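The values are calculated or read from the model by the stated rules, or taken from the named source; none is laboratory data. Since this is a predicted model, take the numbers as computed values, not measurements. Neighbour counts are summed over all protein chains in view; Cβ atoms, including those assigned to glycine, are modelled from backbone coordinates with ideal geometry.
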Amino acid sequence: MTLPSTADVIVVGSGITGAATAAAAAARGASVVLIDKEEGPAREGSGRAQGSLRVQGRHGAEFPLAQEAVRLWTEAAEDGDFEMVTGGNLYFRTTDEELPVLRHLVDEAHRAGLTDVELLDAERTREIIPCATGPFQGAMWSPVDAACQPEKGTAYYVERARRAGAHIAHGVKVTRLLEAGGRITGVDTTAGPVQGPAVVVGAGVWTPISPGPWASRSRSCR
Ligand SMILES: Cc1cc2nc3c(=O)[nH]c(=O)nc-3n(C[C@H](O)[C@H](O)[C@H](O)COP(=O)(O)OP(=O)(O)OC[C@H]3O[C@@H](n4cnc5c(N)ncnc54)[C@H](O)[C@@H]3O)c2cc1C
C-alpha cells in the first residue's frame, strides 16, 4: 500500500465517524487520506451496530442533531446501495416510576417540534407490535425514527469519499501521531508517515486516552 506523503486532512478509521468525515472534507475540496488497520470499512463498531437512527428519548439540545442525522441518512440512502426504513421506534414502559420520565421526554420532543412523539397505553402499543409480550404497561412511540444497514451505510460513505478524491488506505495501521512545535503534524503508519495540518482520529474505542496535553509527549497507538 502506497500512501501519499502529505494530505490536508488525515483521517484515522473507516468506521462511520472517519468515513463521513473523509467524505465531507473531500467534498469541500480538501486532499484527504483515510487510513484503517482493517482490510475494509466498518470492520469494528460500525459493522456491529443495530442501525437504529433514534430521534426520540433525547435531551432537548440533541434533537436538532438527531433530526439532521436522519435527513442526511435519508439523502444518503437515495444515493447509495443500502436500505433505510422509517419504521418508528417504541420505548417500552414496564413500571409506574418510568411514567414521569417519559412524560418529560415527550414534552421535550414536542418543544423541539416533534409533535408525533406520544405515550401509548398497552393496548395501543400492541396495535403497533401485536406480538409484543412481557409485563409492559405502555410505551413511548415515535413514528419518525428510522433504521438503516450500518455496514453498507458506512461502506457507502467510504465510497463517497473515494468519489470525491480521497485516498483510501485499508490494511494500514496508524502507529503514532507526529508532532512538532506543540502541534500535531501528521501520523506514522505501518506503510510510512503522512504529514498534514489536520488529523481526525476516528479510531473508535481503540483511541488511546491520555491525561496530559498533546504537546507533552509522543502518542503511540497500541
Ligand atoms: C452491538 C452494537 C449495537 C449498536 N447499535 C447502535 C445503534 O443502533 N445506533 C447507533 O447509533 N449506534 C449503535 N452502536 C454504536 C455505534 O456502532 C458506534 O457508536 C459507531 O459505530 C462508532 O463508529 P466509529 O467510526 O467512531 O468507530 P468504529 O466503527 O469502531 O471505527 C473505528 C475504526 O478505526 C480503526 N482503527 C482503530 N485503531 C486504528 C489504528 N491505530 N490505525 C488505523 N485504524 C484504526 C478500526 O479498525 C475501525 O475501523 C452500536 C454498537 C454496537 C457494538
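The table below lists the values:
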| item | result |
| --- | --- |
| Answer residue from segment 47-65, given it is near the ligand (Cβ under 10 Å from one of its atoms) and of a type in the set (A, V, I, L, M, F, W, C) and is nearest to GLU159 (Cα to Cα) among those | ALA49 |
| Qualifying residue in segment 61-73 (condition: assigned by TED's automatic domain parsing to the domain that holds LEU177 and more than 13 Å from the chain's Cα centre (by Cα)) | no |
| Residue list for segment 126-143, restricted to those being at pLDDT 95 or above and among the small types (Gly, Ala, Ser) | GLY138, ALA139, SER142 |
| Condition check for ALA139: surrounded by 16 or more Cβ atoms within 10 Å (Cβ to Cβ) and closer than 22 Å to ALA76 by Cα | no |
| Matching residues in segment 26-46 - criterion: being more than 11 Å from the ligand (Cβ to nearest atom) and crowded, with 23+ Cβ neighbours inside 10 Å | ALA26, VAL32, VAL33 |
| Top-ranked residue of segment 89-120 - restricted to ones that are buried (at least 17 other Cβ atoms within 10 Å of the Cβ) and small (Gly, Ala, Ser), ranked as modelled with the highest pLDDT | ALA109 |
| Count of segment 8-44 residues which are part of a helix (DSSP H, G or I), over 30 Å from PRO143 (Cβ atoms) and under 12 Å from the mean Cα position of the chain (by Cα) | 2 |
